[in-house]
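Colleague: Okay, here's the structure, questions in a sec.
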Amino acid sequence: MDIKLFTGHKNRPHVVALAGNPNVGKSTIFNALTGLRQHTGNWPGKTVNNARGTFSYKNKSFLLVDLPGTYSLLARSVEEEIARDFICFGQPDLTIVVLAASSLERNLNLALQVLEITPRVVICVNLLDEAKKNNIYVDLEGLSKRLGVPAIGTVARTGQGLDELLEAVAARIEDPGTNQPRQVVYSQEVEEIVAFLIPQVQRLVGTAINPRWLALRLLDSDRAFIEKIVQHFNPQLCIGTSSEISFDQHLEAVI
Amino acid sequence: MDHFTKTQKAIPLSDIPVGATGVIASLNLNGLLRRRVLDLGMVPGTFVECLRQSPSGDPTAYRVRGTTIALRRESTDQIAVYQLKMGPETSPPVPGKEG
Amino acid sequence: MNEVEPLKTLSQIYTEVNRISHSTRINLSDQIVADIYANAAQIANEVVVRNPFSASCDWDARVDSILTSRLLGYPVMILLLGLVFWITLQGANIPSEMLATVLFGLEGKMSAWLLQVGAPDWLNGVLVLGMYKTLAWVVAVMLPPMAIFFPLFTLLEDLGYLPRVAFNLDNLFKKARSCGKQALTMCMGFGCNAAGVTSCRIIDSPRERLIAVLTNNFVPCNGRFPTLLAMATIFVAGGLASSAQMIVATAVITGLVLIGIGVTFLTSWCLSRTILQGEVSALILELPPYRRPQIGAVIYRSIIDRTIFVLMRAVVVAAPAGALIWILGNVQIGQLSIIGHLAHWLNPFGQLIGLDGFILLAFILGFPANEIVLPILIMSYLAVGQMTEFQSLEELRRLLVTNGWTWLTAVNMMLFSLLHWPCATTLLTVFKETKSFKWTFMAFLLPTTIAITVCFSVAQLVRSLGLV
């Protein structure tokens, strides 16, 4: 997982990550944009690697990274780890979060989590045709206003809306805007603890990563991940605390 | 919600018959499974409709937040729900006719 | 990093967080998820509009009530499988014959031309009788079924049927203490076992993932499938009229695949109770909406992809193998060619399990890619025998019968092909996925042992009953 491969080059293409739940047509969008013949599937966990492809738009080149389909960035499955780590450490110029119009609520769970990590996001509401068949319509403008990032509607299999999506992606990379996108409002108890933790966390990693999000991960007791983050941004702090678990060790532990 | 009356006691999700709906009361699952079930939106207060059973009776598919999720009985035994009364005596809600 | 001296270390923060977590009465982790969903629900409520006047006709529910019904769920599954095989058999027939006519017709011309320009006999042998002929066989016999089967299965997949297969079969997997998603990895295995092994990543539990990895081979991949088709067509259904032949051959293939699935369950069951002991973990399987596949795109993509893939493999593996076979078949040591010696040496064991030395040798030499097993076998029979020309399955049948084949040989050839060791690519993938020599070796040993045991038992049983 060479997530740092593309950072640090001067003339690198814009790196765009493609995130979304399984079965939202992510791979169809990926194929439509890159022309790469990656087989798309209709069941969870199809993309087990970060597939990469390039495309250009308005004389700019882009590198599109198709992240594994995940429901969340909180749990610790291989796919979620790959997706989260890329958004977090890969520092893509932009992340497209693909949502299925017919199950927007479940899909927004992921979108809100991505928006907690980075404001460089464009929302793509895909499968509008399927939703229409089920009498479901999405107010895209309203969604965009509420999330604080652009929201584009598409029907990837017919190509509908993909131009607008590219336009929005290019524009957003050009000018990420200054508005903070929608942040999840937690219940009072959580908010109080987070407010207390933020200054402590900030000392550890500075402003490299959203301290609010990091504080939440602390409450989430995701230690391995916190250590990974701190190691990434402030290595001298956690010498000897690393707890990477390899597949084999993991396996031995389980059997 | 007026059309439904909660039964007093929470029952396991596995006891909900096909076609019936429940509201999640609590999860008695642990570890990764608990996280995954939560991540799919099955948090307390969520409506869950029992859609169908596998030909062999297990697993069972549920409708949750506009998606269909299949779970094994061992898991659904550990999810407590309030079953919503929507029996034959109280017909399903009709739009525009509520009081 | 600038010289900020942190006031707190990581472990201090942990202690602090632990203290806080224990002092709250709620589970913070849970609360965080619930809160995110509360936000998501609020937004969705505000932006999602439902048309209350036109009732949505729930196609998915209707289709599911057939495909996953108590009564029809399993029969429909087997019928669909059979249908896919039947279409493949029917469809592959004509292009196979056409390709054979063209390619083997060229063979004579190439030989004539080579000899005309004064090339030595051995060069003609290596290039035309070895490399080209094997290549032609792979293309004519193996390519058409692959090019039809693969898009058909992809269509089922794009349609959203495969998660339903997992849904239907999960209970059996649960009894074997493995994961229902193993059904999905098996479906991938139909295309290619290496892809099937990679797809095992969708299984969360490392124990259940390993079971899926070790047993994926029992699903016949695209490279073995045409071999099975050829065997089923020419031997088991050989004497019948052509329409009945197709149906019987389809039934044989379907039955064989069901045997493979049965062996998968049994092996998974045994693994769960021996070297991979453990409790069964939970299953969370999303059943996505059915979607109309992009039929044109699927067919175009998989035919092109498959064709290029198979041709590439044919060039890389089959051509050198063909040359090697020709050399082995034509270099004499004493009275016999090298291939004759090898086959002779393997023959007693081959006979014991209802095969012969040549078949075993073909499987061993076919280790790099299963596509070339049958072509190698034909080449080696040809190299020692005197037959020269054949262009159809009927002639293939005659060649095999001349070499002592009975229906038992064909059946055991199918069983061995279904159950034997994975190809080199698959084993390499197993190693990549497990990073363990031990499990890679197991992935070799387990199917090999099972294949030998099954073939031995069948051969002994049939012989002792005097059926051949």
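The values are calculated or read from the model by the stated rules, or taken from the named source; none is laboratory data. The model shown is predicted, which means the values in this text are computed figures rather than measured ones. Reconstructed Cβ throughout: ideal geometry from the backbone, glycine too, with neighbour counts over all protein chains shown.
Colleague: When you scan segment C:274-282, do you find a residue that is in a helix (DSSP H, G or I) and β-branched (V, I, T), even just one?
Modeller: Quick first cut of segment C:274-282, residues in a helix (DSSP H, G or I) only: none.
For segment C:274-282, residues in a helix (DSSP H, G or I) and β-branched (V, I, T): absent.
Colleague: Sort out which residues of segment B:24-40 are out of contact with any helix residue (DSSP H, G or I) (no Cβ under 8 Å at 6 or more places or on another chain), surrounded by fewer than 21 Cβ atoms within 10 Å (Cβ to Cβ) and either among the small types (G, A, S) or within 14 Å of chain A (Cβ to nearest Cβ) (or both), and write them in order of number.
Modeller: B:A25, B:S26, B:N30, B:G31, B:L32, listed by residue number.
Colleague: Please list, ordered by first then second residue, the pairs with beta carbon atoms under 7 Å, 6 or more apart or interchain, first in segment A:166-185 and under 14 Å from A:I123 (Cα atoms) and assigned by TED's automatic domain parsing to the domain that holds A:P92, second hydroxyl-bearing (S, T, Y) and at pLDDT below 95.
Modeller: Pairs that qualify, where the first residue is under 14 Å from A:I123 (Cα atoms) and assigned by TED's automatic domain parsing to the domain that holds A:P92 and the partner is hydroxyl-bearing (S, T, Y) and at pLDDT below 95, are A:L166/A:Y57; A:A170/A:Y57.
Colleague: Pairs, please: C-beta under 6 Å, at least 6 apart or cross-chain, first residue farther than 20 Å from A:Q183 by Cβ and in segment A:98-117, second part of a helix (DSSP H, G or I) and of a type outside the set (F, W, Y)?
Modeller: A:V98/A:K26; A:A100/A:N107; A:A101/A:L128; A:A101/A:A131; A:S102/A:E130; A:S102/A:A131
Colleague: On to the next question. Can you pull out the residues in segment C:155-181 that are under 16 Å from B:R73 (Cα atoms) and either polar (S, T, N, Q) or in a helix (DSSP H, G or I) (or both)?
Modeller: C:A166, C:F167, C:N168, C:L169, C:D170, C:N171, C:L172, C:F173, C:K174, C:K175, C:S178
Colleague: With the condition being modelled with pLDDT of 80 or more, I'd like the helices (runs of 4 or more DSSP H) fully within segment A:141-255 carrying at least 1 qualifying residues.
Modeller: Per the criteria, A:162-174, A:188-205, A:211-219.
Colleague: Kindly list the number of the only condition in (1) at pLDDT 80 or above; (2) within 14 Å of chain B (Cβ to nearest Cβ); (3) more than 30 Å from C:A166 (Cβ to Cβ); (4) surrounded by fewer than 19 Cβ atoms within 10 Å (Cβ to Cβ) that fails for C:P52.
Modeller: (1)
Colleague: For C:N222, indicate whether it is in a helix (DSSP H, G or I) and more than 10 Å from chain A (Cβ to nearest Cβ).
Modeller: no
Colleague: If you don't mind, there's one more thing I want to ask. If you take the residues in segment C:22-49 that are under 21 Å from A:N107 (Cβ atoms) and of a type in the set (D, E, K, R), which one is nearest to the chain's Cα centre (by Cα)?
Modeller: Here the residue is C:D30.
Colleague: Continuing with the same structure: Of the residues that sit in segment C:161-189 and are aromatic (F, W, Y) and surrounded by 23 or more Cβ atoms within 10 Å (Cβ to Cβ), which one is nearest to C:C423 (Cα to Cα)?
Modeller: Among them, the one singled out is C:F173.
Colleague: Also, I was wondering about something else. Identify, please: which residue in segment C:71-124 is surrounded by fewer than 13 Cβ atoms within 10 Å (Cβ to Cβ) and not in a helix (DSSP H, G or I) and is, among those, nearest to the chain's Cα centre (by Cα)?
Modeller: Applying the filter and picking the extreme gives C:L71.
Colleague: Conditions first: (1) touching a Leu at 6+ places or on another chain (Cβ under 6 Å); (2) free of Cβ contacts under 8 Å to residues at least 40 places away in the same chain; (3) more than 28 Å from C:L143 (Cβ to Cβ). C:G354 passes all but one, so which condition is the exception?
Modeller: Here C:G354 clears every test but (2).
Colleague: Right, here's the next one. Any idea how many residues of segment B:58-83 are facing another protein chain (nearest Cβ under 7 Å) and either in contact with a Cys (Cβ under 6 Å, 6 or more places away or on another chain) or outside any helix (DSSP H, G or I) (or both)?
Modeller: Count: 11.
Colleague: Search segment C:376-409 for residues being more than 27 Å from C:V462 (Cβ to Cβ) and of a type outside the set (A, V, I, L, M, F, W, C), and hand back the single one that is modelled with the highest pLDDT. Outline the logic, then answer.
Modeller: Kept after step one, since they are more than 27 Å from C:V462 (Cβ to Cβ), are these residues of segment C:376-409: C:379, C:382-383, C:386-392.
Filter once more, keeping what is of a type outside the set (A, V, I, L, M, F, W, C): C:386, C:388-389, C:391-392.
Working: C:Q386: 49, C:T388: 50, C:E389: 54, C:Q391: 59, C:S392: 66.
So, considering only residues that are more than 27 Å from C:V462 (Cβ to Cβ) and of a type outside the set (A, V, I, L, M, F, W, C), the one modelled with the highest pLDDT is C:S392.
Colleague: Please go through (1) in the same structural domain as A:L63 (by TED's automatic domain parsing); (2) out of contact with any strand residue (DSSP E or B) (no Cβ under 7 Å at 6 or more places or on another chain) for A:R203 and return the number of the only condition it doesn't satisfy.
Modeller: That leaves (1) as the condition not met.
Colleague: Of the residues in segment A:1-54, how many are at pLDDT 50 or above, buried (at least 23 other Cβ atoms within 10 Å of the Cβ), in a loop (DSSP other than H, G, I, E, B) and among the hydrophobic types (A, V, I, L, M, F, W, C)?
Modeller: Number of matching residues: 1.
Colleague: I need every pair where a residue in segment C:325-343 that is surrounded by fewer than 13 Cβ atoms within 10 Å (Cβ to Cβ) has its Cβ under 9 Å from the Cβ of a residue that is in a strand (DSSP E or B), sequence separation at least 6 or different chains.
Modeller: Between residues of segment C:325-343 that are surrounded by fewer than 13 Cβ atoms within 10 Å (Cβ to Cβ) and residues that are in a strand (DSSP E or B), the close pairs are C:V331/C:S337.
Colleague: May I pose another question? Residue check, A:Y71 against (1) in contact with a helix residue (DSSP H, G or I) (Cβ under 6 Å, 6 or more places away or on another chain); (2) closer than 26 Å to C:R292 by Cβ; (3) at pLDDT below 90, all met but one. Which one?
Modeller: The number of the failed condition is (3).
Colleague: Turning to a different aspect of this structure: Is there a residue being touching a Lys or Arg at 6+ places or on another chain (Cβ under 8 Å), in contact (Cβ under 8 Å) with a residue 60 or more places away in the chain and in a loop (DSSP other than H, G, I, E, B) anywhere in segment C:416-435?
Modeller: No, because not a single residue in segment C:416-435 is touching a Lys or Arg at 6+ places or on another chain (Cβ under 8 Å), in contact (Cβ under 8 Å) with a residue 60 or more places away in the chain and in a loop (DSSP other than H, G, I, E, B).
Colleague: Name, by its number, the condition in (1) loosely packed, with under 15 Cβ neighbours inside 10 Å; (2) over 21 Å from the mean Cα position of the chain (by Cα); (3) among the basic types (K, R) that does not hold for A:K145.
Modeller: Failed condition: (2).
Colleague: Within segment C:190-219, take every residue that is under 17 Å from the mean Cα position of the chain (by Cα) and not in a helix (DSSP H, G or I) and give me the one that is surrounded by the fewest Cβ atoms within 10 Å (Cβ to Cβ).
Modeller: It comes out as C:C192.
Colleague: When segment B:28-51 is examined, which residues are found to be over 28 Å from C:D64 (Cα atoms), among the hydrophobic types (A, V, I, L, M, F, W, C) and in contact (Cβ under 8 Å) with a residue 40 or more places away in the chain?
Modeller: Selection gives B:L29 alone.
Colleague: Considering only residues that are in contact with a strand residue (DSSP E or B) (Cβ under 6 Å, 6 or more places away or on another chain) and at the interface with chain C (Cβ under 7 Å from one of its Cβ atoms), which ones fall in segment A:173-190?
Modeller: Within segment A:173-190, no residue meets the criteria.
Colleague: Still on this structure, please answer the following. Please give the number of the condition A:G161 fails out of (1) in contact with a strand residue (DSSP E or B) (Cβ under 6 Å, 6 or more places away or on another chain); (2) more than 9 Å from chain C (Cβ to nearest Cβ); (3) on the phi < 0 side of the Ramachandran plot.
Modeller: If we test A:G161 against (1) in contact with a strand residue (DSSP E or B) (Cβ under 6 Å, 6 or more places away or on another chain); (2) more than 9 Å from chain C (Cβ to nearest Cβ); (3) on the phi < 0 side of the Ramachandran plot, just (3) comes out false.
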